[in-house]
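Step one of this worksheet: look at the structure below.
We did not get these values from a lab; they are worked out from the coordinates using the rules stated. Just so we're clear, the structure is a prediction, and the values are computed from it rather than from any experiment. Because the Cβ atoms are built from the backbone with ideal geometry, glycine has one as well, and the counts that use them run over all protein chains shown.
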Amino acid sequence: MSENFENELRRALRPIDAPAGFTERVMRALPAQREPAPMRVVTEQPAQRLMKRIGIPMAFAAALVLSVVLGQHVADVQGERLADEREAAGLAASHELMQALRVTSQKLDLAYQAVKTPPPAGDEENRT
Amino acid sequence: MKILIALALATLASAAPAAEPLRGQLQIPEFAALADNASESVKVTLDSQLLGMGCRFLNADDPEQADVKKLCNSLQGIYVRSYTFDRDFAYPKADVEGVRRQLSGPGWSRIVEARSNKENTNVDVFVLIDGGKAKGLGIIASEPREFTIVNIVGNIDLEQLHSLEGKFGVPNLEIETSKKVEPPKKK
């Protein structure tokens with residue numbers, strides 16, 4: 001049963017040649033000259049053209065300027081911070097210097113007093 | 001290979017010259033443990049770099065600081081250790097004596113020696129003379145509850161030190177500025 005059906009199907013779907021004059025009939029049915037499909041012409045505005053031409057360089061330039069400005073700002077901030085740190089260290093050092101000289105003068109004064117003051121009776125002192 | 005690199009680095013590190021102390025600079029112990037026990041402590045370590053920085057930040061309009069500014073430009077270092085305690089002799093006398101021994105080395109001259117057995121107060125002032133000029137100053141002052149070591153390194157202009165008299169309570173030391181300091185006899 002199925003074999004019959006397959007045979008029928010194969011016979012129905014077998015390739016057959018086109019009837020005589022088929023090609024000519026089809027060609028005659030076609031229009032003589034095909035009209036070109038209408039094209040939509042997009043005309044760019046001058047401003048758009050300008051933007052397209054200089055857009056990328058401008059973006060690069062803007063990025064460059066931005067990075068230079070940012071870099072300068074960062075350098076300024078760091079410079080200020082360094083200057084502040086240097087000033088703080090310098091002020092601390094100057095305070096230490098004054099403190100050191102105060103201690104020095106106190107001890108020189110102690111030596112001076114010890115040398116200049118006459119020894120009380122009974123105090124064994126060695127002064128030079 | 002790693003061992004070789006480590007060995008090479010160790011050799012280089014050992015060959016690198018250690019920072020030599022300046023002439024007139026004393027090897028002062030750190031006294032790190034003392035600071036905790038002391039009721040008051042002053043530790044000043046100003047090498048030439050810090051000293052230069054400190055000098056720059058002194059106020060020239062302040063007469064006291066202006067005089068110090070003149071003096072400190074020729075200095076190369078100031079080192080002070082001063083500790084005050086609540087009880088007697090809480091500090092290691094051996095360390096103080098160790099510093100005192102350095103001041104008995106060549107070049108150093110004791111210009112002031114004051115001993116009071118009653119008050120247990122000793123004050124010694126030393127000057128390092130080199131080429132007829134004072135290149136270092138050392139002060140060791142020990143009292144029962146306080147000891148102080150001062151070391152000033154550099155060209156100490158006695159005339160300028162003299163000009164500080166009356167400031168910071170620096171007494172008139174009767175330094176003869178017209179005479180050159182006699183170099184010490186060689187030991």
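Where a ≥ b ≥ c are the square roots of the eigenvalues of the C-alpha gyration tensor, would you call region A:3-56 rounded, which needs a/c under 1.5, or, failing that, prolate if a/b is larger than b/c, or oblate? Don't jump to the answer; show the numbers that get you there.
Values: a/c = 8.17, a/b = 2.49, b/c = 3.28.
Oblate, since a/c reaches 1.5 and b/c is not below a/b.
Take region B:20-163, compute every pairwise Cα distance, and split them into 10 Å bins from 0; I just need the percent in each bin.
11, 38, 34, 16, 1
Under 5 Å between amide hydrogens, which residues at least 5 positions from B:ARG145 or on another chain qualify, with H placed 1.01 Å from N in the peptide plane?
Long-range HN contacts for B:ARG145: B:PHE89.
In debye, nearest 20: dipole of region B:20-163 around its Cα centre with unit charges on the Cβ of K, R (+) and D, E (-)? Don't skip to the answer; put the middle values down first.
Details: 16 positive and 21 negative charges, 83 e Å.
For this selection, approximately 400 debye.
Quick one: Karplus J couplings for region B:147-157, per residue in order, coefficients 6.51, -1.76, 1.60, θ = phi - 60°, nearest Hz, x for Gly and Pro?
Running phi through 6.51 cos²θ - 1.76 cosθ + 1.60 with θ = phi - 60° gives 9, 9, 10, 10, 9, 10, 10, x, 6, 8, 7 Hz.
Only loop residues by DSSP count here, and only those with at most 10 other Cβ atoms within 10 Å; note down the trypsin sites (Lys or Arg not before Pro) in region B:78-114 that meet that.
Values: sites: B:ARG81, B:ARG87, B:LYS93, B:ARG100, B:ARG101, B:ARG110; in loops: B:ARG87.
Here the trypsin sites (Lys or Arg not before Pro) that fit, given the DSSP loop and packing criteria, are B:ARG87.
First measure r as the distance between the Cβ atoms of A:GLN72 and B:LYS70, then evaluate 1/(1 + (r/R0)^6) with R0 = 35 Å and state the FRET efficiency to the nearest 0.05.
Values: r = 40 Å, r/R0 = 1.14.
The value I calculate is 0.30.
In whole Hz, with x marking every Gly and Pro, tabulate ³J(HN,Hα) for region A:6-20 from phi via Karplus 6.51 cos²θ - 1.76 cosθ + 1.60, θ = phi - 60°.
Coupling constants for region A:6-20: 5, 4, 4, 5, 4, 5, 5, 9, 5, x, 10, 6, 5, x, 4 Hz.
In region A:19-78, what trypsin sites (Lys or Arg not before Pro) fall in a loop by DSSP, with at most 12 other Cβ atoms inside 10 Å? Don't jump to the answer; show the numbers that get you there.
On the way: sites: A:ARG25, A:ARG28, A:ARG34, A:ARG40, A:ARG49, A:LYS52, A:ARG53; in loops: A:ARG34, A:ARG40.
Qualifying residues, ordered by number: A:ARG34, A:ARG40.
Tell me what chain A gives for mean residue ellipticity at 222 nm when only DSSP H runs of n ≥ 4 count, each as -39,500 (n - 2.57), the sum divided by the residue total, rounded to 500 deg cm²/dmol.
Working: 3 runs with 90 residues, N = 128.
Theoretical 222 nm ellipticity from helices: -25500 deg cm²/dmol.
Would you work out if chain A is rounded, prolate or oblate? Take a ≥ b ≥ c from the square roots of the eigenvalues of the alpha-carbon gyration tensor; rounded if a/c is under 1.5, else prolate when a/b is larger than b/c, oblate otherwise. Can you show the working numbers first?
Working: a/c = 16.68, a/b = 3.65, b/c = 4.57.
Note, shape of chain A comes out oblate.
How far, in degrees from 0 to 90, does helix A:46-116 lean away from the longest principal axis of the Cα atoms of chain A, to the nearest 10?
Approximately 20 degrees, to the nearest 10.
Taking the Cα centre as origin and putting +1 on Lys and Arg beta-carbons and -1 on Asp and Glu beta-carbons, what dipole magnitude results for chain A, to the nearest 20 debye? Each step should come with its number before you reach the end.
On the way: 16 positive and 17 negative charges, 249 e Å.
I would put it at about 1200 debye.
If exposed means no more than 14 neighbouring beta carbons inside 10 Å and the site is in a DSSP loop, what's the longest run of chain A without any exposed GluC sites (Glu not before Pro)?
On the way: sites that count: A:GLU44, A:GLU124.
By the stated rule (loop sites, at most 14 other Cβ atoms within 10 Å), A:45-123.
Within 13 Å, Cβ to Cβ, of B:PHE85, how many net charges do the neighbouring residues add up to if Lys/Arg are +1 and Asp/Glu are -1? If you can, show how the numbers build up before the last one.
Details: positive: B:ARG87, B:LYS93, B:ARG145; negative: B:ASP36, B:GLU40, B:ASP86, B:ASP88, B:GLU143, B:GLU146.
Every neighbour counted, the sum reads -3.
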